[in-house]
Amino acid sequence: MTISTLTFQTNALNQFEALDAALSKTQLQLSTGKQIQSAADNPTGMAEVNQLNVELSASQQYVTNGDLAGTNLNLEAQALTDSTNLLQSVRDVAIQGNNSSLNAADRQDLATQLQQQLQQLIGIANRQDGNGNYLFSGYAAGTQPFAQSGSAVNYAGADGVSQAQISPEQRISAGDAGSAVFMNLPAGNGTFTTAAAGGNTGSASIDPGTVTDPSQWIADQYTISFSSPTQYQITDTTTNTPVTSGSISGAAGSSSTISFNGVQVSLSGTPAAGDSFTVQPAGTASVFSTISGLISTLSSTTLTPAQMATRISQGLAQIDGAMNHINGVQASVGARINAVSAAQTSAQSQQTAYQTSISKVSDTDYAKAATQLSSEELALQAAQESYASIGKLSLFNYVQ
């Protein structure tokens, strides 16, 4: 077979280029630490790496989401703790005020303390995070949630809250709306409220009452009317029908219990003929209105001691209910913080697994690549020397 000089040179050049390209590729793998530079190097491996990178990126985003949600939830948890501590102080002041030996000036001093505590509670409810977003504004994070107008405190935030995706299967609320934490709380004991009629002349006050048998309770309005200091009749004023009647001891300083329709209330002191008390289904009240009600009660110069004791007892029951409610919210926040922590631990483990898999597919095996580089350098050097030697040959080398 005859090979022309041009063909020989062309073939040699192609061989040199192939060897040089292979050598350059190996050098690039060693310098970058990656054995896959493009899909052409390993189509299947590149597809696997791309998918693993997508999953790694998503996992990293879940951790970022969890960091943001966890920060907000920890700030909220602290605000709720501060709220509970403040409400306990409010409760202590209210108990001090429920003392018939206090004069008007003493009660006004207590009312002033409650006014200061109300302002502190509004401040807690208007707390912001490090970016200036309000913790309890829900979706309306840039809107101050609570503002006082006279004795009323109004909510201007949103009822919905942002959801944070912390894992492929899990979303959590990154906060709580102020309306759900501070505003729409059950009044009274949570089932019904009690009150003394404004025209009562006796010394009896009524407590917030308790539910003894929920199945017997009918959520109507009731009036307990006294025809004498010891005789009473209970009327369902919703249906205008008698419920029951009875008597109490009426002894000075005594406490009497009246039960009907699965509930019971206690009277302290002695009613007068014509006195009445009401029992009605609990509506809702904000924690702010409860404190404002206590301020109004302690500031009053017209309420009788019995009426004042009744209102303070009612306020104390609502403060207790508010603290229980906030404690429930705090338990929910704590559970969400734990969920974030668990999800992040899982995500970080997954990220390690993803990175290990990516490394196995795409990273350079340095020992193998170094050996390959040495072989390729030798092959290129041998080809160059062979070409040089053959290129020097001529027929004259064989003519004697």
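The values are calculated or read from the model by the stated rules, or taken from the named source; none is laboratory data. None of these values were measured; they are calculated from a predicted model. Neighbour counts are summed over all protein chains in view; Cβ atoms, including those assigned to glycine, are modelled from backbone coordinates with ideal geometry.
Answer with yes or no whether residue 236 is under 17 Å from residue 277 (Cβ atoms) and either surrounded by fewer than 17 Cβ atoms within 10 Å (Cβ to Cβ) or of a type outside the set (A, V, I, L, M, F, W, C) (or both). Give the derivation first.
On the way: under 17 Å from residue 277 (Cβ atoms): yes; either surrounded by fewer than 17 Cβ atoms within 10 Å (Cβ to Cβ) or of a type outside the set (A, V, I, L, M, F, W, C) (or both): yes.
Here the answer is yes, as residue 236 does meet what is asked.
What pairs can you find where one residue is in the range 306-330 and more than 17 Å from residue 295 (Cα to Cα) and assigned by TED's automatic domain parsing to the domain that holds residue 90, the other is of a type in the set (Asp, Glu) and in a helix (DSSP H, G or I), and their Cβ atoms are less than 9 Å apart, with a gap of 6+ or different chains?
That search, which allows pairs on different chains as well, returns 329/76; 330/76.
The conditions are (1) surrounded by 14 or more Cβ atoms within 10 Å (Cβ to Cβ); (2) of a type in the set (Gly, Ala, Ser); (3) in contact (Cβ under 8 Å) with a residue 24 or more places away in the chain, and residue 215 fails exactly one of them. Which is it?
Of the numbered conditions (1) surrounded by 14 or more Cβ atoms within 10 Å (Cβ to Cβ); (2) of a type in the set (Gly, Ala, Ser); (3) in contact (Cβ under 8 Å) with a residue 24 or more places away in the chain, the odd one out for residue 215 is (1).
Is it the case that some residue within the range 194-202 is touching a helix residue (DSSP H, G or I) at 6+ places or on another chain (Cβ under 6 Å) and either at pLDDT below 90 or surrounded by 20 or more Cβ atoms within 10 Å (Cβ to Cβ) (or both)?
Looking for residues that are touching a helix residue (DSSP H, G or I) at 6+ places or on another chain (Cβ under 6 Å) and either at pLDDT below 90 or surrounded by 20 or more Cβ atoms within 10 Å (Cβ to Cβ) (or both), one finds at least one in the range 194-202, hence yes.
With the requirement that a residue be in contact (Cβ under 8 Å) with a residue 60 or more places away in the chain and within 13 Å of the chain's Cα centre (by Cα), what does the range 167-185 give you? Talk me through it step by step, then tell me what you get.
So the first thing to find is which residues in the range 167-185 are in contact (Cβ under 8 Å) with a residue 60 or more places away in the chain, and the list is 167-168, 170, 172-176, 180-185.
172, 173, 174, 175, 176, 180, 181 - these are the residues of the range 167-185 that are in contact (Cβ under 8 Å) with a residue 60 or more places away in the chain and within 13 Å of the chain's Cα centre (by Cα).
Any idea which of 273, 196, 285 is under 30 Å from residue 124 (Cα atoms) and in contact with a strand residue (DSSP E or B) (Cβ under 7 Å, 6 or more places away or on another chain)?
285
Tell me whether the range 125-147 contains one or more residues that are under 30 Å from residue 303 (Cβ atoms) and assigned to a helix (DSSP H, G or I).
yes
Output yes when any residue across the range 293-306 is touching a Pro at 6+ places or on another chain (Cβ under 6 Å) and surrounded by 20 or more Cβ atoms within 10 Å (Cβ to Cβ), and no when none is.
no
Does any residue in the range 136-164 that is under 20 Å from residue 330 (Cα atoms) come within less than 9 Å, Cβ to Cβ, of a residue that is among the acidic types (Asp, Glu) and surrounded by 20 or more Cβ atoms within 10 Å (Cβ to Cβ) six or more places away or on a different chain, and which pairs are these?
So the pair list comes out as 136/76; 136/176; 138/176; 161/176.
Name the residue, out of 150, 178, 188, that is at pLDDT below 90, closer than 17 Å to residue 289 by Cα, surrounded by 21 or more Cβ atoms within 10 Å (Cβ to Cβ) and out of contact with any Asp or Glu (no Cβ under 7 Å at 6 or more places or on another chain).
None of the others qualify; the one that does is 188.
Restricting to the range 102-119, and then to whatever is among the small types (Gly, Ala, Ser) and touching a residue at least 40 places away in the same chain (Cβ under 8 Å), can you tell me which residue is farthest from residue 304 (Cα to Cα)?
Within the range 102-119, the first condition is being among the small types (Gly, Ala, Ser), and the residues that meet it are 104-105, 111.
Restricting the remaining residues to those that are touching a residue at least 40 places away in the same chain (Cβ under 8 Å) gives 104, 111.
Details: 104: 12, 111: 17 Å.
The selected residue is 111.
Only residues that are surrounded by 14 or more Cβ atoms within 10 Å (Cβ to Cβ) and under 30 Å from residue 174 (Cβ atoms): list them for the range 90-132, please.
Once the filter is applied, which keeps residues that are surrounded by 14 or more Cβ atoms within 10 Å (Cβ to Cβ) and under 30 Å from residue 174 (Cβ atoms), the range 90-132 yields 90, 117, 118, 120, 121, 122, 124, 125, 126, 127, 128, 129.
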